Every structure is written in structure tokens, then in C-alpha cells.
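Worksheet: the structure to be examined is printed underneath.
The values are calculated or read from the model by the stated rules, or taken from the named source; none is laboratory data. Note that this is a predicted model, so its numbers are computed, not measured. Cβ atoms come from the backbone with ideal geometry, glycine included; neighbour counts cover every protein chain shown.
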Amino acid sequence: MNIRASTFFMILLFCSLCHAQHVGNSGARVLKLMTYNIKFASPTFEPSWEERRDLQVELIKQYDPDVLGTQEGLKEQVDYLMRELPEYIVVGEGRQGGDDDEHMAIFIKKDKFRLRELQSFQLSETPDVIGSGPDVNPRMVTWVRLSMINPTLPGESSPYPQDYRGHWENNQEFYVFNTHFFNGDQQLARLNGAKLLRDRLERLQPFGHWSPKRPVVVMGDFNCLQGSDSHRVLVGDESQPGILNETITQGQDIDWILYNGNVEVLKYEEVDFNQSGVYPSDHKPIYVELRMFNQQ
């Protein structure tokens, strides 16, 4: 390469880097999300929790999701993952309340987001009564509202004036809902759970007319396939519009990640993680990358 061509190449590279930096400052952020049924610590399941827990830690570290929703984890399991993954904060209680029973836990990268809101509700006729529903295997939803931390990097100018008042600008917030629907032949319970979830999603309103509608991510183990009645309640079909979009077309999993808002799907993967044929759960995690644009 001669000097003139080399100089031209360096100029192009510099311009592309400037463009990339500009795109980064314009509000687009890539989010890495994972949903994972970690399989409760059953004494009859092989391999045992003690044998497979470090495989789960390795898997999570390898994919490094920004937000991870888990299902079936008992307190001891959630506490172990939290201890081994100190870069996350973990929220969510047991479906019987407090530490009791399985948790719909959400792991959140603490250096990337601020936790603005945390709530849960039961998939029951009395959703605001924690622990309500069937005596055995009640189901619930944990959800959060997160705000992206957007520090000014060295050499950048702050998007905020020194005497800062317009704090609804440059503000990227989104919701994450994590759930585990009823299993087996409980089709009607799943359908009613989907309707309740849709109702709760439709209630979400921005805080003040100056704040735009926030994107929503819904993840979990739904115990039914894409295209089922419960799935159509959320994503719609030819006869009715949906309120969420799929991250994969014509998927055949019971673990889903759905979304709405100003979002672009960059990647979808059913994670086939194992060591010498040993899997850390009876479910394979679903991993997606979403480009989330500023909602201004």
C-alpha cells in the first residue's frame, strides 16, 4: 500500500470511528438478555445441584448478559449464583412470599442500570396477594423498571447542562418482566395467565406527558410453544393485534423473550451449553441481543 492509499485508509477508519461514536451518543444501546430455567434443586434430578451449579456460573459468565431472568431457583440456588456473580444485583421473592418456594429472580448488572421500580404479582384471581393461587405450584411475575446509567466518558461533553433541570431528556428506561407459566395440561390456567400479563402490560404508562412510552421485555418459561393460544394473546395473530413482538420467527421453544418499543433484534440463540454431554439444567437458556434506541 502506497503512502497516499495508506493515508486515505486511515482517514476512512477515523471517520468510521467518529460515526460509531456519534451513533453511540445518539442514544442506541445494545442490551444482552437471557432467560434461563435453572431447574430447582430436586433430590431426584441428575446431575445434582451441587454438580451443576458451577456449570451455570460458567455459562452465565461466558454470555455475560446485562439482564438475566431465572425460573425455578430456590433461595439457596439464587444465593449461590448471586455470590458467584457479584457484578449483578438480584431481585425477586419466592412465589409463596419472601424466601419460600421457587423464585422468579432477575439478575441486573449493577454498573449498567439503576433500579427505578420493582414489583411482583401472582398469576391468580387475586394477583396482588403474594402466594395466592393453587396450593401447589402457584405462579407469579417479577418485573422491574430500569434506567440506563449514562456516564460521560473522558473526552466527551456531557449531554446535561451544569445547572441540570431537564432530567427527562437523555433518559433511557425500560421494563423487564420475568415469569413461569403453569405446566402440563393446565392450558386454561396458562391462557388466563397470559391475559392477566397482557392486562398488566397495557397499564404501563409513562410518568408525565413529557416522558415517552418505555420499551418492554417479557421473558420466561411459558410451558407452551410459540403459536399457542397463550402466545397469541401476547403477540397477536391474523384476527387480533398483539402488544409484543417475537425475537425469533417460527420458534419452537417454550422459553421466550418478547419485546415492544423502539427496539431492533440483533441476535437470537438457544444456548447449547454442556460439558462432555452434561447440561446444567433441563432447559437451554435463550439469549438475545437487542439494540434499544433512545425514546426521545
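Quick rundown of the values:
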read-out: Count - residues of region 247-296 that are within 16 Å of ILE38 (Cβ to Cβ) and of a type in the set (Phe, Trp, Tyr); value: 3
read-out: Members of region 62-80 that are surrounded by 14 or more Cβ atoms within 10 Å (Cβ to Cβ) and in a loop (DSSP other than H, G, I, E, B); value: PRO65, ASP66, GLU72, LEU74
read-out: Among residues of region 24-46, those that are over 16 Å from the mean Cα position of the chain (by Cα) and surrounded by 14 or more Cβ atoms within 10 Å (Cβ to Cβ), counted; value: 6
read-out: Selection status of VAL271, aliphatic (A, V, I, L, M), exposed (fewer than 13 other Cβ atoms within 10 Å of the Cβ) and either out of contact with any Pro (no Cβ under 7 Å at 6 or more places or on another chain) or in contact (Cβ under 8 Å) with a residue 12 or more places away in the chain (or both); value: no
read-out: Test: VAL288 is in contact with a Phe, Trp or Tyr (Cβ under 6 Å, 6 or more places away or on another chain) and modelled with pLDDT of 95 or more; value: yes
read-out: Residues of region 252-268 that turn out to be surrounded by fewer than 20 Cβ atoms within 10 Å (Cβ to Cβ) and farther than 17 Å from PHE174 by Cβ, as a count; value: 5
read-out: Counted residues, region 81-111 - those being of a type in the set (A, V, I, L, M), in a loop (DSSP other than H, G, I, E, B) and touching a residue at least 40 places away in the same chain (Cβ under 8 Å); value: 2
read-out: Residues (in a loop (DSSP other than H, G, I, E, B), modelled with pLDDT of 95 or more and farther than 18 Å from ASN192 by Cβ) located in region 233-252; value: THR247
